[in-house]
Amino acid sequence: DAGVIQSPRHEVTEMGQEVTLRCKPISGHDYLFWYRQTMMRGLELLIYFNNNVPIDDSGMPEDRFSAKMPNASFSTLKIQPSEPRDSAVYFCASSFGRGVSTGELFFGEGSRLTVL
Amino acid sequence: SQQGEEDPQALSIQEGENATMNCSYKTSINNLQWYRQNSGRGLVHLILIRSNEREKHSGRLRVTLDTSKKSSSLLITASRAADTASYFCATDYGNNRLAFGKGNQVVVIP
């Protein structure tokens, strides 16, 4: 398997523009996580899905952020409109559920977003 | 928020030396995991230790878990330049999510 695939790897955009980040999880994994990484706040969990269903989106900073998982092999994280404070590296990760315990997460290489 | 906290935050050592990092957490956990992140890359899973385990080894890595002190340590023995990276602990509180610490930056000098 190619691992978790994210696109784009880098995105530079102007404030107010819409940004869409994409993720293809590892085939067979039933959990998908979106994290945001900044120097100040470290790794923050934004939202996670189980079997394509959003389970917890309490980490989504505000209504400008939305995430979808239309099928088991694709997820998007959208920011509209984008603001400079959204600049960060966004990671997608997937895992295979193991009951009540969280198993090993497989991370993509991340999407580095810069909002000017 | 409940999350692992690593200590120290930055470590610089000579190649061949051992590197030790600590992580503390706040409440009971199902498991604790350690990840490595090379500059500009995604996180890579290193090792998982369950709450009923006290020590685990994987190659040059040794992880301990002390649930009474709510702490864990990661030891890298005989470090190599390729071990230069940031290391994160992540705690599983049983709600199907991991809480990550801020990370330890380790620099191994050849």
Among the residues of region B:31-55, which ones are basic (K, R) and either open to solvent by 70 Å² or more (accessible area, probe 1.4 Å) or over 12 Å from the mean Cα position of the chain (by Cα) (or both)? B:R41, B:R50, B:R54
Considering residues of region B:34-64 that are of a type in the set (K, R) and more than 9 Å from chain A (Cβ to nearest Cβ) only, the residue farthest from B:I76 (Cα to Cα): B:R54
Members of region A:24-48 that are of a type outside the set (F, W, Y), under 12 Å from A:F106 (Cα atoms) and either part of a strand (DSSP E or B) or in contact with a Lys or Arg (Cβ under 9 Å, 6 or more places away or on another chain) (or both): A:K24, A:L32
For A:G16, state whether it is modelled with pLDDT of 95 or more and exposed (fewer than 15 other Cβ atoms within 10 Å of the Cβ). yes
Within the set of pairs 6 or more residues apart or between chains, which connect a residue that is among the basic types (K, R) inside region A:12-39 to a residue that is open to solvent by 40 Å² or more (accessible area, probe 1.4 Å) and in a strand (DSSP E or B) with Cβ atoms less than 8 Å apart? A:R22/A:S7; A:R22/A:F74; A:K24/A:I5; A:K24/A:F74
Number of positions in region A:21-60 that are more than 14 Å from chain B (Cβ to nearest Cβ) and loosely packed, with under 15 Cβ neighbours inside 10 Å: 2
All-but-one check, B:Q33 against (1) closer than 18 Å to A:G97 by Cα; (2) out of contact with any strand residue (DSSP E or B) (no Cβ under 8 Å at 6 or more places or on another chain), failing number (2)
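The values are calculated or read from the model by the stated rules, or taken from the named source; none is laboratory data. For clarity, every value in this text was computed on a predicted model and none was experimentally measured. With ideal geometry, Cβ positions are generated from the backbone for all residues, glycine too; neighbour counts draw on all protein chains shown. Please note that ligands, DNA and RNA were not included when accessible areas were found on the heavy atoms of the full protein model with its side chains. Shrake-Rupley method; radii C 1.70, N 1.55, O 1.52, S 1.80 Å.
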